[in-house]
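A quick write-up on the structure given underneath.
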Amino acid sequence: MRLITFLGTGGYQKVTYSLDSKSYVTAFFPVALVHCIQIEPKSVLCFVTEASAKHFKDLKQEINSSKPDIDVTLINIPNGSNEQEQWEIFKIVTNSLESNEEVYFDITHGFRTIPLLTFLAASYLGCVRIL
């Protein structure tokens with residue numbers, strides 16, 4: 001199982017995230033999700049634009065400081081500003097996932113329509129299950 005997440009360009013500040021009876025203090029929702037969901041992902045695919053990549057190092061360090069077995073991978077994508085970039089994002093996502101793979105989506109900090117494009121690509125591969 002993988003977690004697909006996105007980073008934005010804004011200033012991240014620590015807050016307390018709660019899910020069911022668990023809570024976690026962090027600046028990054030994907031970190032809280034890794035600590036609060038019952039099934040630990042084997043990897044986190046973090047899609048970033050050129051402008052949002054500046055936060056990746058902190059996200060990876062925070063996940064790996066308490067969960068060193070989780071592979072955290074940066075995946076560069078364009079902004080999706082035009083049709084060509086949107087197709088490029090679709091191709092990048094389909095090349096990053098396996099068919100019928102179980103994935104969790106965190107769209108908390110997704111940029112514009114990028115989470116929707118990612119969801120469509122994962123659905124195309126059969127990776128989407130509605131719970």
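The values are calculated or read from the model by the stated rules, or taken from the named source; none is laboratory data. Treat the numbers as computed from the prediction; the structure is a model and nothing was measured. Because the Cβ atoms are built from the backbone with ideal geometry, glycine has one as well, and the counts that use them run over all protein chains shown. Calculation scope for accessible area: heavy atoms of the full protein, side chains included, ligands and nucleic acids excluded. Shrake-Rupley method; radii C 1.70, N 1.55, O 1.52, S 1.80 Å.
Here are the numbers for this structure:
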read-out: Estimated inter-spin distance, Asn79 and Gln13, nm [label 7 Å along Cα→Cβ]; value: 2.6
read-out: Accessible surface, segment 1-47, averaged per residue in Å² (probe 1.4 Å); value: 48
read-out: Prolate/oblate/rounded call for segment 1-74, Cα gyration tensor, a/c under 1.5 rounded; value: oblate
read-out: Heavy-atom accessible surface of segment 1-47: percent carbon and sulfur, 1.4 Å; value: 47
read-out: Cα-based shape type of segment 36-98, given that a ≥ b ≥ c are square roots of the gyration tensor eigenvalues and the cut on a/c is 1.5; value: oblate
read-out: 10 Å beta-carbon shell around Pro78, net charge (K/R +1, D/E -1); value: -3
read-out: Estimated FRET transfer efficiency (Gln61, Glu102; beta-carbon r; R0 22 Å; 0.05); value: 0.25
